[in-house]
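Coordinate-derived values only; no laboratory data. In this text the structure is predicted, and so the values were computed from the model without any measurement. Note that each Cβ is placed from the backbone with ideal geometry, even for glycine, and that neighbours are counted across all protein chains shown.
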Amino acid sequence: MRLEASGGVPPGRRLGHVDESSTPHARHRAPTAAVAATTPRGTPEGDGADSVIVVRDLHVRRARTPVLHGLSLTVQRGRIVGLLGPSGSGKTTLMRSIVGVQVVQSGTVEVLGLPAGSRELRRRVAYVTQQPSVYDDLTVRQNLAYFARVLGVRRTKVDEAIARTHLGDVERRLAGSLSGGQRSRVSLAAALLGDAELLVLDEPTVGLDPVLRVELWELFHQLAGEGATLIVSSHVMDEAKRCDQLLLMRNGELLADASVASVLAATGTDDMETAFLTLIERATTPMTDEETSR
Ligand SMILES: Nc1ncnc2c1ncn2[C@@H]1O[C@H](COP(=O)(O)OP(=O)(O)OP(=O)(O)O)[C@@H](O)[C@H]1O
């Protein structure tokens, strides 16, 4: 995971990966299986004071290939939003668009009432990428003390972040000597230093044992209880059940934007993995004669 936007993108890191082309592309057919209980797709409620993220008709290309095909969604304050989908479905690209480091082809992304990537959002939005962003030759504590200084926050925030991410046992170890899961937690701890209003976390539980996974989800719920909004991507379907809102993605489209209960009810199952597979199956079922003759 790499900390990109808590207190700004690290020096030397280019903003807005320029990988779009201006060539228009054909609009994809909306999946027939879309579940939209939270917000009807295509009609985000952008005016509500509690909308932290409003995405409208977002199209993104990467290396000239269309990756996001007209996504629209709204996220309300204090929610934990699970961003789920197979590898390559566009989760990271959507997250990058939300934190404002992705050039978009068309559409709009508003975060906390401002265009994504606005300077004013730098301290209000924290982004933890899949690649840990830590200095290997500094200890855990030194890493966090450094980021605290960059952000201009009190040193006590370092203790708080270490405690919240359960890094106390390794705080004096060099980051380079830690396991992948521990290094990821250092990145997460750095993201917590600034009390960001929106936390965008790309696969934060990868490489964690089941106990730590549960503890991390407890932390996410505490943060949401304190008013933060969290976008958490994951491949692990049972983690979806811990979220308030699910965004299920496939091939750059939203198969569902709904609560867990709605997704399960719409697919007639109790199991999130089966629900997701059902949605995929419905989305890929060829249209019937009846539908095409309309
Ligand atoms: N830098 C890049 N240049 C070109 N194409 C890219 C780049 N990064 C991602 N892509 C492509 O964009 C699509 C979406 O990728 P993205 O990383 O957003 O998916 P993802 O759902 O986050 O995948 P994963 O779960 O494996 O991280 C994929 O087809 C991927 O190959």
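Between the DSSP loop rule and a limit of at most 16 other Cβ atoms within 10 Å, which trypsin sites (Lys or Arg not before Pro) in region 116-201 are left? Each step should come with its number before you reach the end.
Working: sites: R119, R122, R123, R124, R141, R149, R154, R155, K157, R164, R172, R173, R183, R185; in loops: R122, R123, R124, R154, R155, R172, R173.
Sparse-neighbourhood loop trypsin sites (Lys or Arg not before Pro): R154, R155, R172, R173.
Which whole-Hz ³J(HN,Hα) couplings does region 194-203 yield from phi under the Karplus relation 6.51 cos²θ - 1.76 cosθ + 1.60, θ = phi - 60°, glycine and proline marked x?
Rounded to whole hertz, the list is x, 6, 4, 7, 10, 10, 10, 10, 8, 6.
Collect residues whose amide H, placed 1.01 Å from N in the peptide plane, falls under 5 Å from the amide H of C243; neighbours closer than 5 in sequence don't count.
Residues meeting the amide H criterion: none.
For a Förster distance of 22 Å, can you work out the FRET efficiency between the beta-carbons of L138 and E215, rounded to the nearest 0.05? Working shown, then result.
Numbers: r = 24 Å, r/R0 = 1.11.
Here the calculated transfer efficiency is 0.35.
Report relative contact order for region 156-294 in percent, whole number only (criteria: Cα-Cα under 8 Å, sequence separation at least 6). Walk me through the numbers on the way to the answer.
Values: 116 pairs, mean separation 21.5, N = 139.
Dividing the mean separation by the residue count of region 156-294 yields 15 percent.
Taking amide H positions as placed in the peptide plane 1.01 Å from N, state which residues far from S72 in sequence (5 or more) or on other chains have amide H under 5 Å from it.
Under 5 Å from the amide H of S72 lie the amide H atoms of G42, D57, L58, each far enough along the sequence or on another chain.
Just to be sure I understand the model, the point goes 7 Å from the Cα along the line to the Cβ. What's the resulting R172 to S87 distance in nm?
Rounded to a tenth, the inter-label distance reads 4.0 nm.
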